[in-house]
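**Q** Before anything else, here's the structure in question.
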Amino acid sequence: MGIAIGIAGTAKNTGKTTTTSAILDELYKHEIQVALTSIGYDGEEIDNITGLPKPRLFVKKNTILATAKKCLEAGNADYDILEITDISTPLGKVCIVKVIKEGLAVVAGPNKGSQLNYIKSRMFNDLNCKVILVDGALNRLAPMIETDGIIIATGASRNTDIDVLVEETKALYELLNLPMTSKDDMQFLSDISKIALVPKDSNAKTVFLKYGSLIDNEIVNEIADIIKEIDIQVIFIPALISEFALKMLNDSVGNSWANKDLIISDPIKLIIGGNPETMLKEVNRIKYNGGNIKALKNIPLLAITVNPFYPKYRFDKSSYEPGYINKEKLLNKMRASIKVPVIDIKQEGPSRLLESILSRI
């Protein structure tokens with residue numbers, strides 16, 4: 001079995017494509033069968049004449065791609081189409097193809113975790129791929145839970161304030177590393193799709209709400225009312241948790257979190273619900289009040305790549321020019337705060353990243 005690695009950019013120009021290209025090149029050097037897909041498509045870099053996405057990745061012969069049909073027309077690599085799937089995108093059905101002539105390619109793949117799972121299964125089990133790279137972004141992170149780990153590409157284009165950038169990235173790291181819940185809890189909760197409140201009394205019935213997501217004050221109030229009446233051990237929220245609703249829940253529950261567990265299906269449900277730093281603050285409020293927060297599944301953060309470049313606007317010229325923050329300061333502060341490899345991919349290359357990937361195969 002191989003490994004599926006997500007590569008998520010926190011903003012445009014943070015180095016996601018550079019990171020993906022560097023890893024691809026290193027895998028080619030090691031003659032490892034590699035596949036490539038994407039969570040949707042960013043939508044930038046459209047050709048004004050053809051209206052098609054502009055090619056951004058150089059792929060070699062025998063690479064397996066899962067990409068939308070119209071994207072096959074955009075590049076200059078040649079392909080054999082192995083399968084036209086039932087997965088629809090704005091750029092056509094997702095096709096699984098094999099590169100027969102190297103060249104530039106565009107990937108625009110599935111938008112759902114279940115779709116990514118199908119693509120993974122075909123690539124691993126039927127096409128003998130050892131590494132699947134899944135291109136994504138922070139605002140399209142949800143299906144990444146189906147990967148075996150992610151690399152986050154961040155940098156000055158996200159924020160030119162190094163301290164703010166480090167704090168946000170540290171918050172992402174902390175959220176992605178929430179502790180896993182017990183096997184018994186996993187077994188009991190894994191097939192539940194609605195918010196569930198599990199009493200401490202094992203003879204009492206679990207209370208199920210109508211919704212799977214925690215997104216508004218009506219749901220928060222319903223949970224708070226039940227907690228007043230029943231001694232609850234576990235609050236399980238399987239779907240999205242919004243920043244607003246989690247804050248409201250904390251305000252409502254307060255000291256009553258003591259000896260209670262908030263269990264979520266995976267940390268991405270928190271990350272996509274709001275600002276990572278604010279979400280981490282609310283998670284820490286739960287802990288401060290004596291509660292625990294755990295996940296049925298987590299997603300390891302394997303590495304962080306940083307890019308000191310940003311497009312700097314010149315008001316006197318009404319145009320952009322290359323801008324840079326202090327690279328050494330960025331690397332040093334990020335490395336001091338986060339316990340995963342932090343790499344300037346352009347300066348250091350991808351060898352440390354590849355070591356992390358290959359050690360998991």
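**Q** Can you give me the long-range amide H partners of LYS93? Hydrogens built in the peptide plane at 1.01 Å from N, cutoff under 5 Å, separation of 5 or more residues or another chain.
**A** LYS69
**Q** Give me the dipole magnitude in Debye, nearest 20, for the chain about the Cα centre, with unit charges on the beta carbon: positive for Lys and Arg, negative for Asp and Glu.
**A** 540
**Q** Please name whichever of ILE87, SER193, GLY113 sits farthest to the positive end of the charge dipole of the stretch 51-201, dipole taken about the Cα centre and charges placed at Cβ: Lys and Arg +1, Asp and Glu -1.
**A** Value: ILE87.
**Q** What is the spin-label model distance, in nm, from LYS69 to THR160 if the labels are put 7 Å beyond Cα along the C-beta direction?
**A** So the label points at LYS69 and THR160 sit 4.5 nm apart.
**Q** Mind listing the long-range amide H neighbours of GLU83? Cut-off is under 5 Å, sequence gap 5 or more, other chains count too, H placed in the peptide plane at 1.01 Å from N.
**A** ILE96
**Q** Run the numbers for ASN128 and SER337: contour at 0.36 nm per residue of separation, minus the present Cα-Cα distance, in nm.
**A** Computed gain between ASN128 and SER337 is 71.4 nm.
**Q** Right, something else. At 222 nm, what value in deg cm²/dmol follows for the chain if DSSP H runs of at least 4 each add -39500 (n - 2.57) and the sum is divided by all its residues, to the nearest 500?
**A** Taking each H run of at least 4 residues, the total per residue is -9000 deg cm²/dmol.
**Q** Using a Gaussian network model of the chain whose springs link C-alpha atoms within less than 10 Å, name the residue from LYS61, LYS16, LYS317 with the highest mean-square fluctuation.
**A** Greatest mean-square fluctuation among the candidates belongs to LYS317.
**Q** Right, next: Provide, as a two-decimal number, the C-alpha radius of gyration of the chain over 2.2 N^0.38 Å, N being how many residues it has.
**A** 1.07
**Q** Another question, then. Taking θ = phi - 60°, what integer Hz values does the Karplus form 6.51 cos²θ - 1.76 cosθ + 1.60 yield along the stretch 249-261, in sequence order, with x for Gly and Pro?
**A** 4, 4, 4, 7, 7, x, 5, 5, 5, 3, 6, 10, 10
**Q** Gaussian network model of the chain, Cα springs within a sub-10 Å range: biggest mean-square fluctuation belongs to which of ASN62, ASN289, ASN332?
**A** Fluctuation is largest for ASN332.
**Q** In whole angstrom, note down how far apart the Cα centers of the stretch 252-317 and the stretch 143-181 are.
**A** What the calculation gives is 9 Å, centre to centre.
**Q** Enter the angle in degrees (range 0 to 90, nearest 10) between the Cα long axis of helix 327-337 and the first principal axis of the Cα atoms of the chain, meaning the one along which they spread out most.
**A** 30
**Q** Which pairs break 32 Å Cα to Cα here: LYS130/LYS346; LYS98/LYS339; LYS287/LYS339; LYS183/LYS269?
**A** The answer is LYS98/LYS339.
**Q** May I ask you to derive the FRET efficiency for ASP25 and ASP316 from their Cβ-Cβ distance with R0 = 51 Å, giving the value to the nearest 0.05?
**A** 0.80
**Q** How much FRET efficiency would the formula 1/(1 + (r/R0)^6) give for TYR324 and PHE58, where r is the Cβ-Cβ distance and R0 is 25 Å, rounded to 0.05?
**A** 0.45
**Q** In whole percent, and with a 1.4 Å probe on the protein chains, what portion of the accessible area of the stretch 238-361 is carbon and sulfur?
**A** 48
**Q** Determine the sum of side-chain charges near LYS210: Lys and Arg each +1, Asp and Glu each -1, restricted to other residues whose C-beta is under 13 angstrom from that of LYS210.
**A** -2
**Q** Listed here are the pairs LYS16/LYS120; LYS112/LYS194; LYS194/LYS260; LYS112/LYS333; which of them are more than 28 Å apart at the Cα?
**A** Distance filter (> 28 Å) returns LYS112/LYS333.
**Q** Moving on to the next point. With θ set to phi - 60°, apply the Karplus curve 6.51 cos²θ - 1.76 cosθ + 1.60 along the stretch 90-100 and write out the HN-Hα couplings as whole Hz, x wherever there is a Gly or Pro.
**A** Ordered by residue, 3J(HN,Hα) equals x, 9, x, 5, 6, 10, 9, 10, 10, 6, 10 Hz.
**Q** Could you report the accessible area of GLU218 in Å², rounded to 10, computed with a 1.4 Å probe on the protein chains as they sit in the structure?
**A** Spelled out: GLU218, probe radius 1.4 Å, area about 110 Å².
**Q** Moving on. Beta carbons within 10 angstrom, averaged per residue: use that to sort the peptides 240-248, 174-182, highest first.
**A** The packing order, highest mean first, is 240-248, 174-182.
**Q** Go through the stretch 104-121 residue by residue and turn each phi into a ³J(HN,Hα) via Karplus (6.51, -1.76, 1.60, θ = phi - 60°); whole Hz please, and just put x for glycine and proline.
**A** With coefficients 6.51, -1.76 and 1.60, one gets 7, 9, 10, 10, 9, x, x, 10, 10, x, 5, 5, 5, 4, 5, 4, 4, 4 Hz.
**Q** Find the accessible area per residue for the stretch 64-184; the probe is 1.4 Å, ligands and nucleic acids are left out, and the unit is Å².
**A** Result: 40 Å² of accessible area for each residue.
**Q** Once amide H atoms are built 1.01 Å from N in the peptide plane, which residues 5 or more positions from GLY103, or in another chain, come under 5 Å H to H?
**A** Answer set, sorted by chain and number: VAL59.
**Q** Projecting each Cα onto the charge dipole of the stretch 232-361 (Lys/Arg +1, Asp/Glu -1 at the beta carbon, about the Cα centre), which of SER242, SER356, VAL253 comes out farthest on the positive side?
**A** After comparing all options, I get SER356.
The values are calculated or read from the model by the stated rules, or taken from the named source; none is laboratory data. All of these numbers come straight from a predicted model, not from anything done at the bench. Cβ sites come from the backbone with ideal geometry, for glycine too, and all protein chains shown count toward neighbours. The accessibility values were calculated without ligands, DNA or RNA, using every heavy atom of the protein model including side chains. Shrake-Rupley method; radii C 1.70, N 1.55, O 1.52, S 1.80 Å.
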